[in-house]
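Enquirer: Once you've had a glance at the structure underneath, I'll fire off some questions.
A short reminder: the numbers here are calculations on the coordinates, not readings from a lab. Treat the numbers as computed from the prediction; the structure is a model and nothing was measured. FYI the Cβ positions are ideal-geometry reconstructions off the backbone, even for glycines, and counts take in every protein chain you see.
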Amino acid sequence: MRTVTQGLELLAGSVLTALAAAWFWAHPMALVVGLTPQPQLVPWWYQAAAFPPFGALTLRAVLDGPGRRRVVALLAVCSALALLRLLRWIPLSGHGVFLAAAAVFALPRTGTGSLFVLTSSLLGLAVTAWAKVAWGDEGFFAASVLCGGLIGWWARPPA
């Protein structure tokens, strides 16, 4: 039985997003295009765009019984890739990978979909796409979305 409701997902996503926004506003990071650091800083709102679905899925990983392993696997793989990105070992966008994975994972199927995770992921992807085009990083963004979509599909429960 699913214990996490859409309301709880919204609450977890909102709280984590507010905390992330405050953190990134106070501690901005350097922009990296591909593997090359740029002179600009990444805006706090861009950084925070990934946190609504991240908060909701983290809550599901903690509270949901039977589906927990798949959510944990998705979060673990995406977080590992995001860490490699922060270390500048891979050119993939951590936002692109995670948000695409979360969107595909949340697609409705036998009652496992989450409207909040799906819509917040798609909105986050729109913000990320806009920024990546503005920064000239659309090629790696496209590869990131493809990679994330595959991760999301892999993590989905069987039909």
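Enquirer: About the Cα centre of the range 1-86, how large is the charge dipole given +1 on each Lys and Arg Cβ and -1 on each Asp and Glu Cβ? Please answer in debye to the nearest 20.
Expert: 280 debye
Enquirer: Chymotrypsin sites (Phe, Trp or Tyr not before Pro) within the range 78-126: which are DSSP loop residues with at most 15 other Cβ atoms inside 10 Å?
Expert: Sites meeting the loop and neighbour criteria: Trp89.
Enquirer: Nearest 20 debye, what's the magnitude of the dipole of the range 46-155 about its Cα centre given +1 on Lys and Arg Cβ and -1 on Asp and Glu Cβ?
Expert: Using only the charged Cβ atoms, the result is roughly 280 debye.
Enquirer: If you stretched the chain out fully between Leu115 and Leu41, how much longer would it get, using 0.36 nm times the residue separation minus the C-alpha to C-alpha distance?
Expert: 23.4 nm
Enquirer: Stretched out fully, how many nm does the piece from Ala159 to Arg68 gain, at 0.36 nm a residue minus the Cα gap?
Expert: Computed gain between Ala159 and Arg68 is 31.1 nm.
Enquirer: What residues have an amide H closer than 5 Å to that of Leu31, excluding those fewer than 5 places away on the same chain, when H is modeled at 1.01 Å from N in the peptide plane?
Expert: So Leu31 has HN proximity to Gln38, Gln40, Leu41, Val42.
Enquirer: Hey, another quick one. Which of Ala26, Ala50, Trp130 sits farthest toward the positive end of the charge dipole of the range 1-141, with +1 on the Cβ of Lys and Arg and -1 on the Cβ of Asp and Glu?
Expert: Most positive-ward Cα: Ala50.
Enquirer: Further question on the same structure: How high is the relative contact order of the chain, in percent, with contacts defined as C-alpha pairs under 8 Å that are six or more residues apart?
Expert: 25 percent
Enquirer: How would the range 1-87 be classified by its alpha-carbon gyration tensor: rounded, prolate or oblate, with rounded meaning a/c under 1.5 and the a/b versus b/c comparison settling the rest?
Expert: The shape class here is oblate.
Enquirer: Calculated from DSSP H runs of 4 or more alone, at -39500 (n - 2.57) each and per residue, what is the 222 nm mean residue ellipticity of the chain, nearest 500?
Expert: Estimated from H runs of four or more residues: -22500 deg cm²/dmol.
Enquirer: Output wanted: per-residue J couplings in Hz (rounded whole) for the range 68-77, from phi through Karplus 6.51 cos²θ - 1.76 cosθ + 1.60, θ = phi - 60°, x for Gly and Pro.
Expert: Computed from phi, the couplings for the range 68-77 are 4, 4, 5, 5, 4, 4, 4, 5, 5, 5 Hz.
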